[in-house]
Each structure stands twice: as C-alpha cells, then as structure tokens.
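The values are calculated or read from the model by the stated rules, or taken from the named source; none is laboratory data. It should be emphasised that the depicted structure is a prediction, and the values quoted were computed from it without experimental measurement. All Cβ positions, even for glycine, are placed from backbone atoms using ideal geometry, and neighbour counts span all protein chains on display. Calculation scope for accessible area: heavy atoms of the full protein, side chains included, ligands and nucleic acids excluded. Shrake-Rupley method; radii C 1.70, N 1.55, O 1.52, S 1.80 Å.
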Amino acid sequence: QVQLVESGGGLVQAGGSLRLSCAASGRTFNSYTMGWFRQAPGKEREFVVFNRWGGGSTYYVDYANSVQGRFTISRDNAKNTVYLQMNNLKPEDTADYYCAADSSSQIRRGTYYSSLTSYDSWGQGTQVTVSS
C-alpha cells in the first residue's frame, strides 16, 4: 500500500473547471495503476476514470460514460502525481472525489479497474461542489 493525498477540490459554478491532484508515496509510481472515483451524498462510490499501467511507459485510460469528453486524467511520474482535469462541470458532478492506486507494479490485463476492489490504496477524498 501507498499513501495518497488529494487536493484541488472546491466550489465552482456549472460550466466551470477544476483540477484535482493526487500525490502518491513510493518509489515505483510509474508502475502504479491510478484511478479516480467519486461518491455523492447518499450514493455509492462510483468509478470515474483509471490510468492503467501496461508495462514500460505504456498506459491505458478508460472513462465513465458520464464524464467522457469532459474529464481528463494525466500523470507526472517525476512528481508522483496524477491529475484529474474536470471541465464543463455539472451539478451532478458534485461529490467527494477519491484517488486510488494499485501499487502492486504488476501488469494485470484482466483486472476490472473500474471496480473499487482492484485498488489497494485510497486517499482521504476532496470535495467538489458544482452550483447551478
């Protein structure tokens, strides 16, 4: 397991943008699969996006349909940080956003990375509120 610290949440009007950051501990960040999830009040935590390590410098990305085209995940391996750029935010994007990591440094082609159980480390969450 590794430590994850999110930042960048806040209050924004609909149509606005925010960028979330997640700083990770560990010395092999480049081989972590990273994910973002969110949990709205009274709802279950849901998948947003993952950035899956495929070996070497290869990464695969997948987004939830609800954020496709509006959110972008990126990573800076030199800074041990993954980002979530969120554009054209909608009130329904209001939630606590959580960063997650599979820090095993294993290539798991068959792993369902949209599932919470695929990750061994979680951040504390950062709140995003989108007003209408």
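Count of segment 33-56 residues, restricted to those that are under 12 Å from the mean Cα position of the chain (by Cα), farther than 14 Å from residue 128 by Cα and of a type outside the set (D, E, K, R), is 7.
Take residue 62 and decide whether it is of a type outside the set (Ser, Thr, Tyr), at pLDDT 95 or above, farther than 20 Å from residue 131 by Cα and in a strand (DSSP E or B). So residue 62 fits the description; yes. Can you find even one residue in segment 64-72 that is open to solvent by 60 Å² or more (accessible area, probe 1.4 Å) and of a type in the set (A, V, I, L, M, F, W, C)? No, there is no match, as no residue in segment 64-72 is open to solvent by 60 Å² or more (accessible area, probe 1.4 Å) and of a type in the set (A, V, I, L, M, F, W, C).
Within segment 105-118, is there a residue that is open to solvent by 60 Å² or more (accessible area, probe 1.4 Å), among the aromatic types (Phe, Trp, Tyr), at negative phi and not in a strand (DSSP E or B)? The answer is yes; a qualifying residue exists. The numbered conditions (1) hydroxyl-bearing (Ser, Thr, Tyr); (2) closer than 17 Å to residue 129 by Cβ; (3) surrounded by 21 or more Cβ atoms within 10 Å (Cβ to Cβ) are all true for residue 94 except (3).
Of the residues making up segment 10-50, those that are closer than 26 Å to residue 91 by Cβ, open to solvent by less than 50 Å² (accessible area, probe 1.4 Å), of a type outside the set (Lys, Arg) and not in a loop (DSSP other than H, G, I, E, B) number 13. For segment 69-83, state whether one or more residues are in a loop (DSSP other than H, G, I, E, B) and within 17 Å of residue 9 (Cα to Cα). Yes, that holds for at least one residue.
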